[in-house]
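Asker: Provided herewith is a single structure, encoded as structure tokens, for subsequent inquiry.
Read-outs: derived from the displayed coordinates by stated rules, not from any lab. All figures in this text were calculated on a predicted structure; none of them were measured in a lab. Cβ placement follows ideal geometry from the backbone for every residue including glycine, while neighbour counts extend to all protein chains displayed.
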Amino acid sequence: MAKETKKQELKKAQPARAVSPFEEMERMLDQYFRGGWLRPWRSEWPGFGGGVTLPELRFPKVDVVDRESEVVVKAEVPGVDKKDLDVSVSEDSVTIKGETSHEEKEEDGDFYRSEISRGSFSRTVALPASVDGSAAQVNFKDGMLELILPKLTKARRHSIKVE
């Protein structure tokens, strides 16, 4: 016990470590920016990894497949109606825009809950080749959008021997 009290007395007798101005500034900035307005991709934000996922904050996941005579673009747009989608094609890019709307109501005796979420999204994807947008084929089923875009000029592929 005597050793413990001596350690405690020494600890009390020592002055507190001085904090450098840089450490103090970093601590203040961490506290101030904890909400993350300068870091909007933090996982606490809905739709970007954690928390409640709201459909209006999600960007569609997109696959682009470069075939010999066409480019295929597949996009996941779950919960979006066909009438709420807008797809535009230029010679070298595809833009997918959409709107979501979700309303949920629950009533049980004295308890009442109503949640409404609305939002929109837009994603532009660069294409690996020039395409003819006027000859595009579009399929939409079960939240999957598929665009088949014929190329203006077919790809000239050839093999290269690696030595």
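Asker: Looking at segment 123-163, which of its residues are outside any helix (DSSP H, G or I), under 13 Å from residue 93 (Cα atoms) and of a type in the set (Gly, Ala, Ser)?
Answerer: Passing the criteria: 126, 129, 130, 136.
Asker: Six or more apart or on different chains, Cβ atoms under 9 Å: show the pairs whose first residue is in segment 77-88 and touching a residue at least 24 places away in the same chain (Cβ under 8 Å) and within 14 Å of residue 119 (Cβ to Cβ) and whose second is among the small types (Gly, Ala, Ser) and part of a loop (DSSP other than H, G, I, E, B).
Answerer: Short answer, once both residue conditions are applied: 77/143; 78/143; 79/143; 80/143.
Asker: Then there's this: Just checking, how many residues over segment 93-121 are in contact with a strand residue (DSSP E or B) (Cβ under 9 Å, 6 or more places away or on another chain) and exposed (fewer than 12 other Cβ atoms within 10 Å of the Cβ)?
Answerer: 10
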